[in-house]
1. Pairs under 6 Å by beta carbon, first residue without any contact (Cβ under 8 Å) to a residue 60 or more places away in the chain in the range 51-71, partner of a type in the set (G, A, S), six or more apart or different chains?
2. For L74, are the conditions met, namely being modelled with pLDDT of 90 or more and either in the same structural domain as R142 (by TED's automatic domain parsing) or under 29 Å from R142 (Cα atoms) (or both)?
3. Restricting to the range 122-145, name every residue that is modelled with pLDDT of 75 or more and loosely packed, with under 13 Cβ neighbours inside 10 Å.
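The values are calculated or read from the model by the stated rules, or taken from the named source; none is laboratory data. Bear in mind that the values here come from a model prediction, so they are computed numbers and not experimental data. So basically every Cβ, Gly included, is an ideal-geometry build from the backbone, and we count neighbours across all protein chains shown.
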Amino acid sequence: MSYAPVWDTPLDRRAALTKDVGRAEGAEHGLALDQAAFELFYNRTERPLRAYLHRLTGSSSLADDLAHEAYLRLLRSTPLTPEPAALRSYLFRVATNLYRDHYRRVGRRETEMTEPDQQRAVEPDPALRADMSRALDQLRPRHRALLWLTYVEGLTHREVATVLGLRPISVGPLLWRARRSLAKVLRAQGMELKP
């Protein structure tokens, strides 16, 4: 399946997604969100989801396509609970599975990282950001996802477990390994680590 974007601007993207709310297939599945609730949820989760997918894929366009598909799948399914935290975890899990499916189909290939969104309020030192980006790119995808979801998105261990399809008790040890791997890569780059 090819992912082709159906929008040019954020407003077009919202319109394309909310238009699907009224489609027959959404109604067949007993859509749990009304349009206003979905728009609020979308406004709160769109940037973090795209940033997460961009970090995993290294491609803005692929991240946009996977995010679009994740929202469509969220609308077509009916999660048992419409609570925002549960929906957010469900959305990130769908997005993670779409990422995995995409790379199973096309195979893992090296991609060039693009610049992160310029809309962030506080920009870290560009050299530090570049060093961290290179270090994260050298980690296994699972370690990269664990670190991103925990430290950038601020998800709890339980939410990370839901997103990545892990048992909650295994997140702590896996996160420890991910931090250890990142520290090893940073030391190899000559960066001094502070506790």
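1. Listed pairs, sorted by first residue: L53/A63; L53/A67; L53/A95; T57/A63; A70/A95.
2. Values: modelled with pLDDT of 90 or more: no; either in the same structural domain as R142 (by TED's automatic domain parsing) or under 29 Å from R142 (Cα atoms) (or both): yes.
Answer is no for this residue.
3. The first filter runs over the range 122-145 and keeps only residues modelled with pLDDT of 75 or more, leaving 130-145.
Selection gives A130, R140.
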